[in-house]
Amino acid sequence: MARSPSGTSVASLLKMRSLGTIGFAAVLLFYVAWPLYAGYDLKSSLDGRNVEALNTRVDFASVRTSLRPSVAAKVDKVVSDALRKTGMAGGAIADRFKAQVMPRIVDGVLATLVTPEMLIRIHASGRSLKEALDGLVVERASQTQGIGGGLMIVSGDETQGGRSRIEEIAGALGIDSKKALGGAGAQDAANGAAGSGSAALPAKGGPLPKYGLGNIKHFSLNGPLGLSVGVSRDASGRKPELTADLSFVNGSWKLTGLTPAN
């Protein structure tokens with residue numbers, strides 16, 4: 001039997017090379033092909049408004065946890081701006097007010113936003129998750145049941161057409177609170193999310209984005225059984241609008257985290 005200069009047989013070398021090729025192919029299958037198929041199946045579920053399929057592809061509890069810091073930061077900005085406009089910024093009273101109000105708003109936004117029905121509605125509207133999130137934060141903060149009535153303060157003389165404080169905040173943030181979620185309000189959005197999900201957010205205008213490999217802006221490992229994928233709705237964009245975390249859970253790849261770009 002022929003041997004290499006180091007004494008290893010040619011057959012052994014070929015066997016090692018073959019095993020290496022098989023191993024490399026297995027890695028590509030597990031970390032690339034399988035997650036890509038899971039992503040395609042997730043998009044197909046959104047396109048087909050398939051709530052049951054989304055429940056198998058998305059770990060909604062984990063996604064809510066991943067979104068909590070982003071939601072909390074947006075809520076803090078809205079509430080802080082409102083307190084500053086009313087002259088209540090800073091001090092023990094403001095701190096206690098924020099400590100009481102903010103968790104309730106954050107919980108309300110997450111409960112409304114992270115559901116199969118709401119994700120379907122956002123996808124069908126052509127809006128980004130960040131746009132929907134911004135609108136929900138402003139609308140939830142404007143609901144008296146969400147903030148104990150503390151932020152529904154009228155600017156100027158109400159009899160002379162003064163606008164509500166929350167409208168001023170929305171304007172400062174560049175958000176149309178009436179259009180962000182179809183003008184229905186956070187409570188209506190929550191009811192829609194809890195219902196059939198057939199009602200859609202108003203379309204943003206123009207054709208809905210089509211996703212392909214060009215929309216993926218970064219792809220990296222996130223631990224031995226996790227992936228981080230940056231996605232942009234515009235394939236020509238350079239930066240991702242949203243980072244999705246995928247984890248191998250119970251024998252399949254699932255969406256376990258979402259982080260909108262700032």
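Count charges around residue 42 for me, please; just the other residues with Cβ under 11 Å from its Cβ, Lys/Arg as +1, Asp/Glu as -1. Each step should come with its number before you reach the end.
Working: positive: 43, 57, 254; negative: 41, 47.
Local net charge: +1.
Of the listed pairs 77/239; 43/77; 130/239, which have alpha-carbon separations greater than 21 Å here?
Over 21 Å Cα-Cα: 77/239; 43/77.
Please arrange 123, 218 by how many other C-beta atoms lie within 10 Å of their C-beta, fewest to most.
So the ranking, lowest neighbour count to highest, is 218, 123.
Using the 10 angstrom Cβ neighbour count as an exposure proxy, how do 256, 56 rank, fewest first?
Details: 256 22, 56 14.
The fewest-first ordering by Cβ neighbours comes to 56, 256.
Label-point separation (nm) for residue 236 and residue 111, each offset 7 Å from Cα along Cα-to-Cβ?
4.4
Counting other C-beta atoms within 10 Å, which of 22, 122, 216 has the fewest, and how do the rest follow?
Starting with the residue having the fewest Cβ neighbours, the order is 22, 216, 122.
Computed from the coordinates by the stated procedures, all read-outs in this text should not be read as laboratory data. In this text the structure is predicted, and so the values were computed from the model without any measurement. All Cβ positions, even for glycine, are placed from backbone atoms using ideal geometry, and neighbour counts span all protein chains on display.
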